[in-house]
Structure formats: structure tokens, C-alpha cells
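Worksheet: one structure, shown below.
The values are calculated or read from the model by the stated rules, or taken from the named source; none is laboratory data. In this text, all values refer to a predicted model and were calculated from it rather than measured experimentally. Cβ sites come from the backbone with ideal geometry, for glycine too, and all protein chains shown count toward neighbours. To get the accessible areas, we keep the full protein, side chains included, count just its heavy atoms, and leave off ligands, DNA and RNA. Shrake-Rupley method; radii C 1.70, N 1.55, O 1.52, S 1.80 Å.
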Amino acid sequence: MIDLNHLDDLARRLSDMVPPGLRQSREELQATFKTALQAGLLKLDLVTREEFDVQRAVLLRTREKLEALEKVVAELEARGVSAAPRE
């Protein structure tokens, strides 16, 4: 899912950018930033890294099969074999 360490770091950096007079409530601001960031990310249609890697592997296997089939078709065409059934 979402790496909370990255959100903590981003929320901390955002709270560091707050003017010094408002830093008294720094922890509260940091928590608010973190909550807002989490809510925003949850609204996005994201996939986990694991899901991405699985789909990437599937795509690579599919591409390999397609290339193999294209090679077979090219060889058949070179030999003059028609893909259409004969009557």
C-alpha cells in the first residue's frame, strides 16, 4: 500500500515551511498534513508495486508469445502457406 514513512517525511517538510509564529502547533499541523495527503492518495486509482510487477511480467510473457507467433506467421507466409482454410 502507501508507504507511511514517505508521508511522514512529506508532512514534516510541509510543517517546516510554516512561518515561525505558527509553529507552536507544529505537531498538529504535521498530523493534518499527513491526513490530507493520505486522503488525497486514497482517491487516486493507484496499484501497489506488487500488482504493477505482476502485470509487467504478464505483459512481457504476452509480448514474447506474440513475437513467436509473428515469426511463425512470417515463416508460413514465406513458404506460401495460406492461413485461410481450403475448400
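Evaluation of residue 12 against the conditions (1) assigned to a helix (DSSP H, G or I); (2) of a type outside the set (Val, Ile, Thr); (3) exposed (fewer than 12 other Cβ atoms within 10 Å of the Cβ) shows that the sole unmet condition is (3). Here is a check on your reading of the model: is residue 51 at pLDDT 90 or above and open to solvent by less than 100 Å² (accessible area, probe 1.4 Å)? So residue 51 passes the test.
Residue 42 fulfils the conditions (1) at pLDDT 95 or above; (2) within 29 Å of residue 14 (Cβ to Cβ) except for a single criterion, (1).
Table: residues versus (1) open to solvent by less than 100 Å² (accessible area, probe 1.4 Å); (2) not in a loop (DSSP other than H, G, I, E, B).
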{"site": "40", "(1), (2)": "yes, yes"}
{"site": "46", "(1), (2)": "no, no"}
{"site": "56", "(1), (2)": "no, yes"}
{"site": "60", "(1), (2)": "yes, yes"}
{"site": "67", "(1), (2)": "no, yes"}
{"site": "70", "(1), (2)": "no, yes"}
{"site": "74", "(1), (2)": "yes, yes"}
{"site": "77", "(1), (2)": "no, yes"}
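Looking across the stretch 15-25, the residues that are open to solvent by 90 Å² or more (accessible area, probe 1.4 Å) and in a helix (DSSP H, G or I) come down to 20, 22, 23, 24.
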